[in-house]
1. For region 167-188: of the residues being touching a residue at least 60 places away in the same chain (Cβ under 8 Å) and assigned to a helix (DSSP H, G or I), which is nearest to Leu218 (Cα to Cα)?
2. Answer yes or no: is there a residue in region 271-290 that is surrounded by fewer than 16 Cβ atoms within 10 Å (Cβ to Cβ) and within 22 Å of Phe175 (Cα to Cα).
3. Give me a count of the residues in region 156-186 that are closer than 22 Å to Gly277 by Cβ and of a type in the set (Phe, Trp, Tyr).
4. Scan region 224-267 for residues that are crowded, with 22+ Cβ neighbours inside 10 Å, polar (S, T, N, Q) and either assigned to a strand (DSSP E or B) or at positive phi (or both) and jot them down.
5. Which of the residues belonging to region 133-161 are surrounded by fewer than 16 Cβ atoms within 10 Å (Cβ to Cβ) and either touching a Phe, Trp or Tyr at 6+ places or on another chain (Cβ under 7 Å) or assigned to a helix (DSSP H, G or I) (or both)?
6. Would you say Leu84 is at pLDDT 95 or above, outside any helix (DSSP H, G or I), of a type in the set (A, V, I, L, M) and touching a Phe, Trp or Tyr at 6+ places or on another chain (Cβ under 9 Å)?
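The values are calculated or read from the model by the stated rules, or taken from the named source; none is laboratory data. Every value quoted in this text rests on a predicted model; they were computed, and no experiment measured them. Don't worry about glycine lacking a Cβ; one is built from the backbone with ideal geometry, like all the others, and counts go over all protein chains shown.
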Amino acid sequence: MKPLRLICIHYFLFMIFPSIAQDLPAYVLYTGNGKKTSFEKLEEATEGKELILFGEFHDNPISHWLQLELTKELFEENGAKLQLGFEMFEQDQQSLLSDYLTGKLTDKQFQDTMRLWPNYETDYAPLIAFAKNNHLYCVASNVQRKYASLLFKKGRTALDTLSAEVKAQMAPIDFKVDTSLSQYREVFSMGGHMGTNMGMNMVESQAFKDATMAQFILANPGRQDGTVHVHFNGAFHSDFHQGILWYVQQKNPQIKVLTISTVTQEDVRKLDKEHLGRADFIICVPESMTRTH
């Protein structure tokens, strides 16, 4: 038992310096208009949605933890109608991913044959394990990186010579690009120093990924009536309801969608103005948060 004098000192410090007793928040969840909210409210908002775009920072542990927790909750509500999609897996890997989920490949075979991101074990393996244990279909939604790179370096016409088999693993090469979208204007500004042509190629390379992910969110063998698709992607691909969502809505303007984004701030007690409207729900994480890689 603590001496009475020590207890009194602790009580005094608590009353005079209450911040000493306060925990540092690992994250604060906001609505798109900057109002603080809760994970429970986020769960409730997913009800009736057909597509949930979960924008992450690839190296942010809070994003990945909340992805897994939300997936668990959605499975409780939707069961086998839940489907997961991943920017982190490319379309030519779909059969390998499906074989692993159905037990046709061992863990070693899967890891030896897939092009896994360096943070796979910590950040995506738990989601894949959950899907495998609960027999959920998963979509490898992204275009192969080498073809997005080819478009960036040589322009869209360089894709003309690809085989029909390869073209089936990507958006049609005549995909449209809305250069008025703020996200693409930002991409152009990043590449503009290389010249107008290269700046536009950078925009088209980004849009190529977005269009491909949208295509395989909507059209894949596991999709059925009533499917709830949760897609995990870098936040930039769906922020401000653009990118992937723009392409999804070109094909299905009535689709019921919820978007989630991740941001970091030095002070998470109030959402910075630049993040307002970034998504329906915004995970605000301290800039000092540990990174996974």
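1. So in region 167-188, the residues touching a residue at least 60 places away in the same chain (Cβ under 8 Å) come out as 169-171, 175-176, 178, 181-183.
Narrowing the set further to residues that are assigned to a helix (DSSP H, G or I) leaves 182-183.
Values: Ser182: 24, Gln183: 22 Å.
Per the criteria, the residue is Gln183.
2. no
3. Of the residues in that region, 1 qualify.
4. Matches in region 224-267: Asn233, Thr259, Ser261, Thr262.
5. First, the residues of region 133-161 that are surrounded by fewer than 16 Cβ atoms within 10 Å (Cβ to Cβ): 133-135, 145-146, 149, 153-155, 157-158, 160-161.
Residues satisfying the conditions are Asn133, Asn134, Arg145, Lys146, Ser149, Lys153, Lys154, Thr157, Ala158, Asp160, Thr161.
6. Details: at pLDDT 95 or above: yes; outside any helix (DSSP H, G or I): yes; of a type in the set (A, V, I, L, M): yes; touching a Phe, Trp or Tyr at 6+ places or on another chain (Cβ under 9 Å): yes.
When the stated conditions are applied, Leu84 passes them.
Yes or no, residue by residue, for (1) outside any helix (DSSP H, G or I); (2) loosely packed, with under 10 Cβ neighbours inside 10 Å; (3) modelled with pLDDT of 50 or more:
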site: Lys2; (1), (2), (3): yes, yes, no
site: Arg5; (1), (2), (3): no, yes, no
site: His10; (1), (2), (3): no, no, no
site: Met15; (1), (2), (3): no, yes, no
site: Ser19; (1), (2), (3): no, yes, no
site: Leu24; (1), (2), (3): yes, yes, yes
site: Leu29; (1), (2), (3): yes, no, yes
site: Asn33; (1), (2), (3): yes, no, yes
site: Lys41; (1), (2), (3): no, no, yes
